[in-house]
Amino acid sequence: MVLISSTNEDGSANLAPMSSAFWLGWRAMLGLGARSKTAQNLLRTRECVLNLPSDALAAAVDRLALTTGSDPVPPGKARRGYFHVAGKFERAGLTPVPSETVAPPRVAECPVAMEAVVEAVHPVADDDPEQRGGIVAIEVRVQRVFVHDSIRVPGTDDHIDPDAWRPLIMSFQKLYGLGPQVHPSTLARIPERLYRGPDIERARSVAGTAGGPKAGTAVTRA
């Protein structure tokens, strides 16, 4: 699961859960309905924050189910029972904190938060007249990564402890966590530095534009 924070036309923050995302290096692909408020905000502002909730935040994420930042509610969503909510952070019971390089706030409670900018937009199902224009895959590039100390390998600044990190996962619309490791991984022996690509250097060159991290929030910056 990913909680995407974005900026509405009036400058307020939108927060939306989604589960169609994958990462390649410091890039992410986000599958979104093109008419959703989150997609519209990303296409307009070209920036967002990808907040990764732990399984302990399942109830908060579920409080955002069937909510939309769109007003009026699109007919398709209205048929499924969606309703408009302007204060998404308040409804979820989550805390917005200022980002460093983008306007949308991060979610303080999420153990991982990634500030990102939109680099490309790819239409999905464009070959089908009935679906054309309805789905987009948005490619974003990460500029800052914030990680809670509780999931970091002690003594490191670039390693997540997979035994401590328990991401929230959606499977067939239901919420799950992770179980224990089932087998040692040969790939895990490769040093993290050998995976670093040019996007990391690009991220380091981006100057902060907003407030820094709040006290008590451990971070790993690009």
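Report, by residue number, each residue of the range 38-63 that is part of a helix (DSSP H, G or I), open to solvent by 20 Å² or more (accessible area, probe 1.4 Å) and within 25 Å of Ala164 (Cβ to Cβ).
Matches in the range 38-63: Asp55, Ala56, Leu57, Ala58, Ala59, Asp62.
Quick one: what pairs do we get from the range 85-98, first residue among the aromatic types (Phe, Trp, Tyr), second surrounded by 14 or more Cβ atoms within 10 Å (Cβ to Cβ), C-beta under 6 Å, 6+ apart or different chains?
Phe89/Leu15; Phe89/Pro96
Mind listing whichever residues of the range 99-110 are surrounded by fewer than 21 Cβ atoms within 10 Å (Cβ to Cβ) and over 26 Å from Pro198 (Cα atoms)?
Residues satisfying the conditions are Ala108, Glu109.
If Arg63 meets every condition in (1) touching a residue at least 60 places away in the same chain (Cβ under 8 Å); (2) farther than 23 Å from Ile135 by Cα apart from one, which number is that one?
Tallying (1) touching a residue at least 60 places away in the same chain (Cβ under 8 Å); (2) farther than 23 Å from Ile135 by Cα, Arg63 fails exactly one: (1).
Which one of the conditions (1) at pLDDT below 95; (2) surrounded by 19 or more Cβ atoms within 10 Å (Cβ to Cβ); (3) in contact with a Ser or Thr (Cβ under 9 Å, 6 or more places away or on another chain) does Arg35 fail to meet, given that it meets all the rest?
(2)
Given the criteria open to solvent by less than 80 Å² (accessible area, probe 1.4 Å), in contact with a helix residue (DSSP H, G or I) (Cβ under 9 Å, 6 or more places away or on another chain), modelled with pLDDT under 75 and aliphatic (A, V, I, L, M), does Ala218 qualify?
yes
Evaluate the following for Gly31: is it outside any strand (DSSP E or B) and either without any contact (Cβ under 8 Å) to a residue 24 or more places away in the chain or not hydrophobic (A, V, I, L, M, F, W, C) (or both)?
no
Using the structure shown, decide if Ala16 is outside any strand (DSSP E or B), under 16 Å from the mean Cα position of the chain (by Cα) and surrounded by 15 or more Cβ atoms within 10 Å (Cβ to Cβ).
Against the criterion (outside any strand (DSSP E or B), under 16 Å from the mean Cα position of the chain (by Cα) and surrounded by 15 or more Cβ atoms within 10 Å (Cβ to Cβ)), Ala16 does not qualify.
Residues are listed down the side, and each one gets a yes or a no for (1) over 22 Å from Glu9 (Cβ atoms); (2) in contact with a strand residue (DSSP E or B) (Cβ under 6 Å, 6 or more places away or on another chain); (3) charged (D, E, K, R):
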site: Pro104; (1), (2), (3): no, yes, no
site: Val107; (1), (2), (3): no, yes, no
site: Asp128; (1), (2), (3): yes, no, yes
site: Gln131; (1), (2), (3): yes, no, no
site: Arg141; (1), (2), (3): yes, yes, yes
site: Ile151; (1), (2), (3): yes, yes, no
site: Thr156; (1), (2), (3): yes, no, no
site: Arg166; (1), (2), (3): yes, yes, yes
site: Phe172; (1), (2), (3): yes, no, no
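Taking the condition of being closer than 17 Å to Thr38 by Cα, in a loop (DSSP other than H, G, I, E, B) and open to solvent by 30 Å² or more (accessible area, probe 1.4 Å), how many residues in the range 64-84 meet it?
7
The values are calculated or read from the model by the stated rules, or taken from the named source; none is laboratory data. Treat the numbers as computed from the prediction; the structure is a model and nothing was measured. Please note: Cβ atoms are built from the backbone with ideal geometry, for glycine as well, and neighbour counts cover all protein chains shown. Side chains are part of the model used for accessible areas, which takes the heavy atoms of the whole protein and leaves out ligands, DNA and RNA. Shrake-Rupley method; radii C 1.70, N 1.55, O 1.52, S 1.80 Å.
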